[in-house]
Structures are given as C-alpha cells and as structure tokens.
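We did not get these values from a lab; they are worked out from the coordinates using the rules stated. Quantities reported herein were computed from a predicted structural model and do not represent experimental measurements. Cβ: placed from backbone, ideal geometry, glycine included. Neighbour counts: every protein chain shown.
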Amino acid sequence: MRLGWIPVVGALALTSFALLRPAPPAEGRVVDYRFTNAPVNAMGIKSLAELRGKPVLVDFWGTR
Amino acid sequence: MPTAVKHQRELGDDIQVIFVECQGADRDTYEAFAWKMKWMGNAAMWTEERPLPTLGSGLPETALIGVDGTVILQGSPGALGKRLNEALDAEIKKSKQAPEGTPAELKKAWTHFLKGEVAAALAECDKLATPAANEAKEQFNSRMKAKVERLKRLIDEGYVSEADALAGDLSKSLKGATELASQLAEQTARLAEPALANEREASKAIDAALDKVALDKPFEPGNVKKIAALGEKFAGTKSAERAARFVALSKLKIER
C-alpha cells in the first residue's frame, strides 16, 4: 500500500488550519494605512496618519 | 442601526468612524445600501480597504485606534462589550490633553496647541529647544500640514462649504505661524477666486440637501427628484457630480 499521500494531506491540513485560524488582534500595534482609493465621504482624508489626535473606530461589516 | 453610526452622530468631530465592507460588495452597492439604511448624513467614511487585518472570526468586528495611532482594542463588538465604550471615552479625553508622559515644561505648548493657538505652541517649543520640545514641534507642524493638505483636497473635490469652514478655523489657528500660514494662504486665495463662486453655491445647496434626505427616506422618489433638480441647476460642478451619483445609486436594486 502506498502511503505517499499522507504527507500531502498533512501539509494541506496544516495550511488550512493556519489560514482558517483567527488572526491575533492588532492591539498594541501602531497602524498607519494610506487608502488607495479615497473612501466614500472621506472629505479630503486619505490616510490614518491624518487622523492622529482623534480616536478612530473601524467597523468591519458586510452588506449580506 | 450600527452602534458606530450612533457614535459618529452623537460624538461628531471627537471621533472618526470608518466602515469597511468585508463581503466583497462593490462601492456602488455598499454606498447605496448605506443610503437606503439611513446610515449616511454624518462624518463616517466608507471603504472596502482594510486599514488593518481582520481577525477572521466573523462579522461585525470592531477596532479602536487611539489618538497616537495604536490599536487599543479589536474584536467582536459583543465580546468587547462596555470595554469598548470605556476605551473610547478614555481616548476622547486623551485627545483633549497633552499626551501621557509629556514633560511638565512642555504642557504649556500642548495647551496652546489644543486650543488652536499654533503659533504660540511653536514659539513655546522654540523657547525650550529641548529634544522633547523639537519632537512636539514636529508633531504640531505635521498635524497642521495635514490639515492644510486636506483643505487643498476639499477644494479640489468641490466641498467648498466644508473647505470654507476649515479655512476659517485654520486662519485663526495659524495666525503668526509663518511657514504654515503661507501654505494656508495659497488655499485661501483659491477659495477667494470668482471661478469658485458657483461651486460654492452648489456645494452649499447640494451638500445640505443630501444631508437632509439622508435621515428621511433618502431614495424616496420626491427626494431623488429634488437632488436631481439641484444637480441640473448646478451642472458642471463637482457637487452636481455628487448629486448625479446619488440619483444613480437610488436606481440600484439592493437586496435586504
């Protein structure tokens, strides 16, 4: 019986686990993002750096 | 209604809310959706670009970025619970005072800066001439430069009412701050150009009308007709382009 597929399946399982596992929170990290396309209602703001001095609440959501 | 919309409405300029669509909807779809749900008409911004990676454990997800750009909290709003509101209140408080750890001798400079007295803040830093004072000076200059650049973009994009208000604030703040004041002068000169008069009138009428319909059945035919008529009246202006976009979005079929 050929068992050569076992490492392949193992590698796939590990990759899937790594991809599906929730990422660690970015807490404590400084974020400095510059938007490629200005957001809707950006009112001239193009990057997070321009908002320094003011708290920013980022709400990740979906339309569906 | 998402809590973040309420926060933006209630806290106004004290915070900036950024909504990030994460399910692959295109810009037209999520913007039309937000109008339809009566979530527009406030300062919140809408994008599909993630300014920081999501945790990938489901939506909605919230991240609070503090006044110095550090992520304070990130997670499901339900799981964060009242910690989120407490952290938000603490950051708003921080935004109105000198940063933690500011040397005592620099507090006066920060007090001037936070009151909008930029020239006095810069002068105080020059007087102290310490590494910490130089660092604070750099920060004051960089924040004010960003505001002047924002003013330029507001004019470029035809948000003249908003630009007039910002220019008014900056003129007071930058009085006596020679270098920054001269950068501001370039933009205030643009605002004074007669060619901008029609754009200003359009911005006043259309932006106010859009803000008004945002809260009251935005896509109702009567409202759409009113915005379309304003767009026609001010044809050729940037604000008319925004009116036309609103009319186009109202015609999209959005499922909910």
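Placing unit charges on each Cβ (+1 for Lys and Arg, -1 for Asp and Glu) gives the protein assembly as shown a dipole about its Cα centre, and among B:144, B:97, A:43 the Cα reaching farthest toward its positive end belongs to A:43.
Projected onto the charge dipole of the protein assembly as shown (+1 at Lys/Arg Cβ, -1 at Asp/Glu Cβ, origin at the Cα centre), which of B:32, B:237, B:167 gives the Cα projection farthest towards the positive end? Farthest along the dipole direction, towards plus: B:32.
Karplus-based coupling profile of the range B:194-199, in residue order and whole Hz: x, 4, 8, 4, 5, 4, with θ = phi - 60° in 6.51 cos²θ - 1.76 cosθ + 1.60 and x standing for Gly or Pro. For the range B:125-136, backbone phi angles converted through the Karplus equation (6.51, -1.76, 1.60; θ = phi - 60°) give residue-by-residue couplings of 5, 4, 4, 6, 6, 9, x, 5, 5, 5, 5, 5 Hz, Gly and Pro being listed as x. Overall, the anisotropy analysis places the protein assembly as shown in the oblate class: the square-rooted eigenvalues a ≥ b ≥ c of its C-alpha gyration tensor yield a/c not less than 1.5, with a/b not exceeding b/c. The angle between the Cα long axis of helix B:238-250 and the longest principal axis of the Cα atoms of chain B comes to about 50 degrees, rounded to the nearest 10. Distances over 21 Å make up what percent of all Cα-Cα pairs in the range B:1-134? Here the tail beyond 21 Å accounts for 54 percent of pairs. Counting only DSSP beta bridges whose two residues both lie in the protein assembly as shown, roughly 55 percent are antiparallel. Note on B:143-154: average number of Cβ atoms from other chains within 10 Å of each residue's Cβ is 3. Residue-wise HN-Hα couplings along the range B:145-153, as the Karplus relation 6.51 cos²θ - 1.76 cosθ + 1.60 with θ = phi - 60° gives them from phi, are 4, 4, 5, 5, 5, 5, 4, 4, 5 Hz; Gly and Pro carry x. Beyond a 22 Å Cα-Cα separation, which of these cross-linked pairs lie in this structure: B:36/B:82; B:82/B:108; B:96/B:152; B:115/B:137? From the list (B:36/B:82; B:82/B:108; B:96/B:152; B:115/B:137), the Cα-Cα distance tops 22 Å for B:36/B:82; B:82/B:108; B:96/B:152. Entry note, chain B: the mean residue ellipticity at 222 nm calculated from DSSP H runs of n ≥ 4, each adding -39500 (n - 2.57), is -19000 deg cm²/dmol after division by the residues and rounding to the nearest 500. Summarising the amide proton neighbourhood of residue B:22: residues at separation of 5 or more, or on other chains, whose placed amide H is nearer than 5 Å comprise A:61, A:62, A:63. By the count of neighbouring beta-carbon atoms within 10 Å, fewest first, B:65, A:45 end up ordered A:45, B:65.
First check a/c for chain B, with a ≥ b ≥ c the square roots of the eigenvalues of its C-alpha gyration tensor; if it is under 1.5, answer rounded, and if not, answer prolate when a/b is larger than b/c or oblate otherwise. Because a/c hits 1.5 or more and a/b fails to exceed b/c, chain B counts as oblate.
For the options B:229, B:87, B:195, a Gaussian network treatment of chain B with springs between C-alpha atoms closer than 10 Å singles out B:195 as fluctuating the most.
Considering only B:79, B:63, B:16, the residue lying farthest towards the positive end of the dipole of the range B:1-94 is B:79, judged by Cα position with unit charges set on Cβ.
Think of each Lys and Arg Cβ as +1 and each Asp and Glu Cβ as -1; about the Cα centre, that makes the dipole of chain B roughly 580 debye. Each Lys and Arg adds +1 at its Cβ and each Asp and Glu adds -1 at its Cβ; summed about the Cα centre, the protein assembly as shown shows a dipole of about 580 debye.
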